[in-house]
Amino acid sequence: ERQLPPDFDEENEHHLDLYADLAQALPMDPYGAEAPAEFFAVASEAFFARPAPLQHAYPQVFELLEKYYRQHVR
């Protein structure tokens with residue numbers, strides 16, 4: 001969020017494009033920081049949709065999700 005303009009406006013198309021670009025560079029959606037349940041949901045989504053960035057940024061979380069879902073995603 002620090003990289004967003006101070007006058008960030010969700011209705012400004014340029015701002016939304018910037019947000020999307022910044023979010024794409026993250027291993028998972030920043031919304032996961034809102035609450036533990038949201039972290040689990042967002043991390044689970046990243047585990048299946050974009051496993052490599054998640055594994056690189058949070059290897060222990062990745063390993064726990066592999067065990068929880070009984071999946072070998074690598």
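Report yes if Gln24 is in contact (Cβ under 8 Å) with a residue 12 or more places away in the chain and open to solvent by 70 Å² or more (accessible area, probe 1.4 Å), otherwise no.
Numbers: in contact (Cβ under 8 Å) with a residue 12 or more places away in the chain: no; open to solvent by 70 Å² or more (accessible area, probe 1.4 Å): yes.
No.
The set of residues from the stretch 34-61 being in a helix (DSSP H, G or I), touching a residue at least 12 places away in the same chain (Cβ under 8 Å), surrounded by 14 or more Cβ atoms within 10 Å (Cβ to Cβ) and out of contact with any Lys or Arg (no Cβ under 9 Å at 6 or more places or on another chain) comprises Val42, Ala43, Ser44, Glu45, Ala46, Phe47, Pro53, Leu54, Val61.
The values are calculated or read from the model by the stated rules, or taken from the named source; none is laboratory data. Everything numeric here is computed off the predicted structure, so don't read it as measured data. Ideal geometry is used to build each Cβ from the backbone, glycine not excepted, and the neighbour counts take in all protein chains shown. Heavy atoms of the whole protein, side chains included, go into the accessibility calculation; ligands, DNA and RNA do not. Shrake-Rupley method; radii C 1.70, N 1.55, O 1.52, S 1.80 Å.
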